[in-house]
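Undergrad: This is the structure, below, for whatever I ask next.
The values are calculated or read from the model by the stated rules, or taken from the named source; none is laboratory data. Note that the coordinates shown come from a computational prediction; the quantities given were computed from them, not determined experimentally. Quick reminder, even Gly has a Cβ in these numbers, built from the backbone with ideal geometry, and neighbours come from all protein chains shown.
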């Protein structure tokens, strides 16, 4: 089984879905593939075609219009985005690229440091609800798998977008395809002056993907590098608004698949992330400058306790081996996974025996921590008439947190060819990040006594689809135990990381999609998808917490509508609408007043006009020019217009 198909393999996108019977397409919300109708979990798909024409600039912005997802952005172009699935925190979501985990042990804030550009994505696959029995730690409330494009021939693609705030987005993709080999190389660069002070950013990406067909074996090699720097105005603290952050991420993996009766998949991967956080921004002439051991900006001097910036380097290395086979008793899959996590820092961890100099900086790594994780999981699917039932179990051992068992049981009943009811149960978990455990700066303190988080997830749903219709209704309940939150006991008290005793979520999701394959008629509909998500949280300790930083300010109601029109043979229109009602409050930085999150209604739209191999585009975001906050005191931009040009040359 190929790694790219390890998670989900559903293509729901525009004209494609109108040409195939959806029940024949496979998904893998398990350790093996099965048809969508046989899947007993709620899965959502965003196609690459929709992403390419969507009125958004990044993966994070598109996810903000997806069912069950709360993409809490702190900057434009998805500069930094905290993902939430079904009310879970940004630490409780797992992101994968072609089935390879990209979790960062330092902090979940780096989860979307993706080594792939928007134009490289074939589709995005979303598993709503716990998935530790499949993916292990951090698939606590959900998992998102990003599938990248393969070369379809020998071709070169270019894109250029320019817009308000002096924003520039450029990209180059080269595809090479042979008889038994295909490769895709992508380079991109994005930048902007920002919509207000200290919201500027610059981001560059390079990625490579190659596939080799060697008879009985298929080898997939992928790698990527991303380098970004961004003004982090109020990102982590209202008390110190002039923050800045620089991150770099290097990623690589090798995947080998073979076999037919017994299907084997082996994978090796490595990810390194460098992070430099400046509580008092030194980057740029208009901010602080380092002089005689102090950080000085005009008449302002940073406190004497601020001796320098935070530097972190995290490494994740892993090896995975999986087999699956069919028998008279059903389908069986076994998976063995070994993972090593490490951090080197001047703020996180215990003392190292030697200092490690940091190139091009005044700092050094003299603290660190590491842990190893070994998991063995298995899953078996069997059928009894119209029933499909699967049972799974993961045994996990971590050198810091010990041994745990994480079971799952899923069942579904087919009601004819187009209808199904399903139910599922699983136990999931998440280990504390090294920030949760060790951070100590600027009025925030981690705790080395933290325990792992655990959740018991229950779901029931109904799914139906026909030739070009798809719908899903589901209800869920998550009992979360030992939930980690950063809380404050008073206005002047430190933020302290601790295990909140219990946090429970219940809610429901509804999605309905219509796919068409229109002729060249005026204003013909390509697709329309309507979705609604409802969430409610409860906790015995909620009333005792003066201020919670992450747990209780989730979306209560979210309604989205995504529509694609074909106005003429060459002209298309896409528009996305989203209504978000967020629970919780934040303290306004200027006045100190406790403020409710306002309801937000966002409208994005894009026009595309194709002339031979050229595509001209006009894109508008937040067309109603709404002032809104995904995170307290971190303002998002108002109206934002851009124009673009795409070119593809096949030869």
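Undergrad: Condition first: on the phi > 0 side of the Ramachandran plot and either without any contact (Cβ under 8 Å) to a residue 12 or more places away in the chain or in contact with a helix residue (DSSP H, G or I) (Cβ under 9 Å, 6 or more places away or on another chain) (or both). Now tell me which residues in the stretch 294-352 satisfy that.
TA: 298, 349
Undergrad: Do you know which residues across the stretch 178-190 are surrounded by fewer than 18 Cβ atoms within 10 Å (Cβ to Cβ) and either in contact with a strand residue (DSSP E or B) (Cβ under 8 Å, 6 or more places away or on another chain) or at pLDDT 95 or above (or both)? If you could, list the steps in order and put the result at the bottom.
TA: First pass over the stretch 178-190, keeping only residues surrounded by fewer than 18 Cβ atoms within 10 Å (Cβ to Cβ): 178-181, 183, 185, 187, 189.
Within the stretch 178-190, 180, 181, 183, 185, 187, 189 meet the criteria.
Undergrad: Now a separate question. Restricting the search to the stretch 191-207, which residues are at positive phi and under 24 Å from the mean Cα position of the chain (by Cα)?
TA: 194
Rundown of residues vs (1) surrounded by fewer than 18 Cβ atoms within 10 Å (Cβ to Cβ); (2) at pLDDT below 90, yes/no style:
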{"site": "198", "(1), (2)": "no, no"}
{"site": "202", "(1), (2)": "yes, no"}
{"site": "209", "(1), (2)": "no, no"}
{"site": "215", "(1), (2)": "yes, yes"}
{"site": "225", "(1), (2)": "yes, no"}
{"site": "231", "(1), (2)": "no, no"}
{"site": "236", "(1), (2)": "no, yes"}
{"site": "250", "(1), (2)": "yes, no"}
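Undergrad: For the stretch 608-651, how many residues meet the condition of being within 22 Å of the chain's Cα centre (by Cα) and assigned to a strand (DSSP E or B)?
TA: Result for the stretch 608-651: 6.
Undergrad: Filter the stretch 582-607 down to the residues that are assigned to a loop (DSSP other than H, G, I, E, B) and in contact with a strand residue (DSSP E or B) (Cβ under 9 Å, 6 or more places away or on another chain), then identify the one that is surrounded by the fewest Cβ atoms within 10 Å (Cβ to Cβ).
TA: By that ranking, first place goes to 593.
Undergrad: Consider residue 253 carefully, then state whether it is in contact (Cβ under 8 Å) with a residue 24 or more places away in the chain, touching a helix residue (DSSP H, G or I) at 6+ places or on another chain (Cβ under 9 Å) and part of a strand (DSSP E or B). Spell out the reasoning first.
TA: Values: in contact (Cβ under 8 Å) with a residue 24 or more places away in the chain: yes; touching a helix residue (DSSP H, G or I) at 6+ places or on another chain (Cβ under 9 Å): yes; part of a strand (DSSP E or B): yes.
Yes, satisfied.
One line per residue, one yes/no per condition, for (1) in a loop (DSSP other than H, G, I, E, B); (2) touching a helix residue (DSSP H, G or I) at 6+ places or on another chain (Cβ under 7 Å); (3) more than 18 Å from residue 136 (Cβ to Cβ):
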{"position": "406", "(1), (2), (3)": "no, yes, no"}
{"position": "411", "(1), (2), (3)": "no, no, yes"}
{"position": "416", "(1), (2), (3)": "yes, no, yes"}
{"position": "422", "(1), (2), (3)": "no, no, yes"}
{"position": "426", "(1), (2), (3)": "no, yes, no"}
{"position": "432", "(1), (2), (3)": "yes, no, no"}
{"position": "437", "(1), (2), (3)": "no, no, yes"}
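Undergrad: Okay, moving on. Looking at (1) touching a strand residue (DSSP E or B) at 6+ places or on another chain (Cβ under 8 Å); (2) surrounded by fewer than 16 Cβ atoms within 10 Å (Cβ to Cβ), which is the one condition that is false for residue 375?
TA: (2)
Undergrad: Name the residues in the stretch 488-506 that are crowded, with 21+ Cβ neighbours inside 10 Å and at pLDDT 85 or above, would you?
TA: 497, 503, 505
Undergrad: Separate question: Return the total of residues in the stretch 147-163 being surrounded by fewer than 17 Cβ atoms within 10 Å (Cβ to Cβ) and either more than 26 Å from the chain's Cα centre (by Cα) or modelled with pLDDT under 95 (or both).
TA: 5
Undergrad: Inside the stretch 281-386, counting only strands (runs of 3 or more DSSP E) that do not spill past its ends, which hold 2 or more residues that are under 31 Å from the mean Cα position of the chain (by Cα), over 19 Å from residue 432 (Cα atoms) and modelled with pLDDT of 95 or more?
TA: 310-327, 330-345, 364-384
Undergrad: What are the pairs, 6+ residues apart or on separate chains, where a residue within the stretch 570-584 that is free of Cβ contacts under 8 Å to residues at least 24 places away in the same chain has its Cβ under 6 Å from a residue that is assigned to a strand (DSSP E or B) and surrounded by 16 or more Cβ atoms within 10 Å (Cβ to Cβ)?
TA: Hits for this filter: 579/559.
Undergrad: Another question about this same structure. Specify the residue that is modelled with the lowest pLDDT; the eligible residues are those in the stretch 115-146 that are within 14 Å of residue 98 (Cα to Cα) and in contact with a helix residue (DSSP H, G or I) (Cβ under 6 Å, 6 or more places away or on another chain).
TA: 123
Undergrad: Among residues belonging to the stretch 517-545 that are farther than 22 Å from residue 477 by Cβ and assigned to a strand (DSSP E or B), point out the one that is modelled with the highest pLDDT.
TA: 530
Undergrad: Hey, another quick one. Since residue 579 meets every condition but one in (1) under 21 Å from residue 513 (Cβ atoms); (2) surrounded by fewer than 20 Cβ atoms within 10 Å (Cβ to Cβ); (3) under 23 Å from the mean Cα position of the chain (by Cα); (4) modelled with pLDDT under 95, which condition does it not meet?
TA: With respect to (1) under 21 Å from residue 513 (Cβ atoms); (2) surrounded by fewer than 20 Cβ atoms within 10 Å (Cβ to Cβ); (3) under 23 Å from the mean Cα position of the chain (by Cα); (4) modelled with pLDDT under 95, residue 579 is out only on (4).
Undergrad: When the stretch 268-280 is examined, which residues are found to be outside any loop (DSSP other than H, G, I, E, B) and buried (at least 22 other Cβ atoms within 10 Å of the Cβ)?
TA: 269, 271, 273, 275, 278
Undergrad: Does residue 355 meet the test of being surrounded by fewer than 18 Cβ atoms within 10 Å (Cβ to Cβ) and either farther than 30 Å from residue 218 by Cα or touching a helix residue (DSSP H, G or I) at 6+ places or on another chain (Cβ under 7 Å) (or both)?
TA: yes
Undergrad: Restricting the stretch 453-471 to residues that are surrounded by 15 or more Cβ atoms within 10 Å (Cβ to Cβ) and at pLDDT below 95, which is farthest from residue 509 (Cα to Cα)?
TA: Going through the qualifying residues, I end up with 468.
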